[in-house]
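Take a look at the structure below.
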Amino acid sequence: MHTVLIVDDSATSREVLRAILCEEAGFRVIGFAKDGHEAVEKAKELHPDVITMDINMPGMNGLEATREIMIEAPTPIVIVSASTRVREIEASMEALGAGALAILLKPPGPHSPKYAALAKEIVKTVKAMAGVLVIRRRRRMKTDAESSLVREASDPPPQAKIQAVSILSSTGGPPALAKVLGELPADFPAPILIVQHMVPSFVAGFASWLDTVVPLPVRLACQHERIEHGCVYVAAAGSHLGVTRGSRICLSDDPPIDGFQPAGTHLFASVAEQFGKACAGVIMTGMGHDGVDGLQQIHAAGGFTIAQDEATSVVFGMAKVAIQRNIIHSVLPLDQIAKQLQRLVR
């Protein structure tokens, strides 16, 4: 039975979350906290299997509490936010960078038509995150000198210069994507198309946040938009992302693939069809096996495939399946992926 600590300054929200989790066999709520300071103390005292964390709280907010918990008492944390406003989403994304694993929309009261779907998503996500092994964070980040000790990639270049890059990420993806894209130059000579598994309500805010933290322009992909070098296109909620023969965005309402819409497999397959050996596919941190079938098509077309390694992945799931299928050219730590992409496009 998974034990849960619920952190929220609203008594009503705490009770709604408690009811959702306690109705599901396998959960036991062992404590509540009304602010970040109390959350840190309860995390150290109760040692829960997972914490649900509100962001906007008085005193120490959810972002600050997440940072402190990952230093003092590392615990899987799921952000449950009531707001999709830019400021709160930015804080939620920073919390993911500080060690939180996922972000969900706070459910309304049980009489709302959205309640059942949001409650189901909360149960599924909290259960999945409770089994994730998290690591203790340091109060200071590694220096550039320390980071340089990670091995360099030494794989041979592809047969053709890469003209399009496609990336899939899931759990732990937002900060990982910010890391990779943040290390690419503003004149990166290829378009980048991204599928990030995320609750639909936060996708637009995620793209806006990413645009503020990386040198490349980031936007939500729009139907029939021509893809340009040096631009990042994020798959919008509820549509598969692909490209056409004329290098334009193609959004599809085809059914979900393995439960995902957008799906990494659709993106990879589309890029493989249009660019052949002149494309690259990157599969990053996340659970499940989305993207693997599509990445196999990139590999078969002669394109270049990259998987994030186990040591730097929050969840080594999708990448692990791709590696086991023997369709990956380079298995790289997070801080080497951007360098490899620059080699491929130049």
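How many residues does segment 173-200 contain that are within 21 Å of residue 240 (Cα to Cα), of a type outside the set (S, T, N, Q) and under 13 Å from the mean Cα position of the chain (by Cα)? Give the derivation first.
Restricting attention to segment 173-200, the residues satisfying the condition of being within 21 Å of residue 240 (Cα to Cα) are 173-174, 177, 190-200.
Imposing the further condition that a residue be of a type outside the set (S, T, N, Q) reduces the set to 173-174, 177, 190-195, 197-200.
When the remaining residues are screened for being under 13 Å from the mean Cα position of the chain (by Cα), the result is 173-174, 177, 194-195, 197-200.
Of the residues in that region, 9 qualify.
May I ask you to list the residues in segment 154-171 that are modelled with pLDDT under 95 and among the polar types (S, T, N, Q)?
154, 159, listed by residue number.
Go through (1) within 24 Å of residue 213 (Cβ to Cβ); (2) assigned to a helix (DSSP H, G or I); (3) of a type in the set (Val, Ile, Thr); (4) in contact (Cβ under 8 Å) with a residue 40 or more places away in the chain for residue 126 and report which single condition fails.
Among (1) within 24 Å of residue 213 (Cβ to Cβ); (2) assigned to a helix (DSSP H, G or I); (3) of a type in the set (Val, Ile, Thr); (4) in contact (Cβ under 8 Å) with a residue 40 or more places away in the chain, residue 126 violates only (1).
Tell me which of these residue 228 doesn't satisfy, since it passes every other one: (1) more than 19 Å from residue 163 (Cα to Cα); (2) out of contact with any helix residue (DSSP H, G or I) (no Cβ under 7 Å at 6 or more places or on another chain); (3) outside any strand (DSSP E or B).
(1)
Hey, any hits in segment 100-112 for a residue that's at pLDDT 95 or above and assigned to a loop (DSSP other than H, G, I, E, B)?
Checked against the condition, which is being at pLDDT 95 or above and assigned to a loop (DSSP other than H, G, I, E, B), segment 100-112 yields at least one hit.
Enumerate the pairs (first residue in segment 4-19 and at pLDDT 95 or above; second residue anywhere and part of a helix (DSSP H, G or I) and surrounded by 19 or more Cβ atoms within 10 Å (Cβ to Cβ)) with beta-carbon separation below 6 Å, excluding pairs fewer than 6 apart on the same chain, so at least 6 apart or on different chains.
Final answer for the pair search is 4/21; 5/42; 6/14; 6/17; 7/39; 8/14.
Could you tell me how many of the residues in segment 195-236 are in contact with a Ser or Thr (Cβ under 7 Å, 6 or more places away or on another chain) and open to solvent by 40 Å² or more (accessible area, probe 1.4 Å)?
Here the count works out to 2.
Does segment 50-63 contain any residue that is closer than 16 Å to residue 102 by Cα, acidic (Asp, Glu) and either in contact with a Leu (Cβ under 8 Å, 6 or more places away or on another chain) or touching a residue at least 24 places away in the same chain (Cβ under 8 Å) (or both)?
Within segment 50-63, one or more residues are closer than 16 Å to residue 102 by Cα, acidic (Asp, Glu) and either in contact with a Leu (Cβ under 8 Å, 6 or more places away or on another chain) or touching a residue at least 24 places away in the same chain (Cβ under 8 Å) (or both).
The values are calculated or read from the model by the stated rules, or taken from the named source; none is laboratory data. Just so it is clear, the model here is predicted, and its values are computed rather than measured. Reconstructed Cβ throughout: ideal geometry from the backbone, glycine too, with neighbour counts over all protein chains shown. Please note that ligands, DNA and RNA were not included when accessible areas were found on the heavy atoms of the full protein model with its side chains. Shrake-Rupley method; radii C 1.70, N 1.55, O 1.52, S 1.80 Å.
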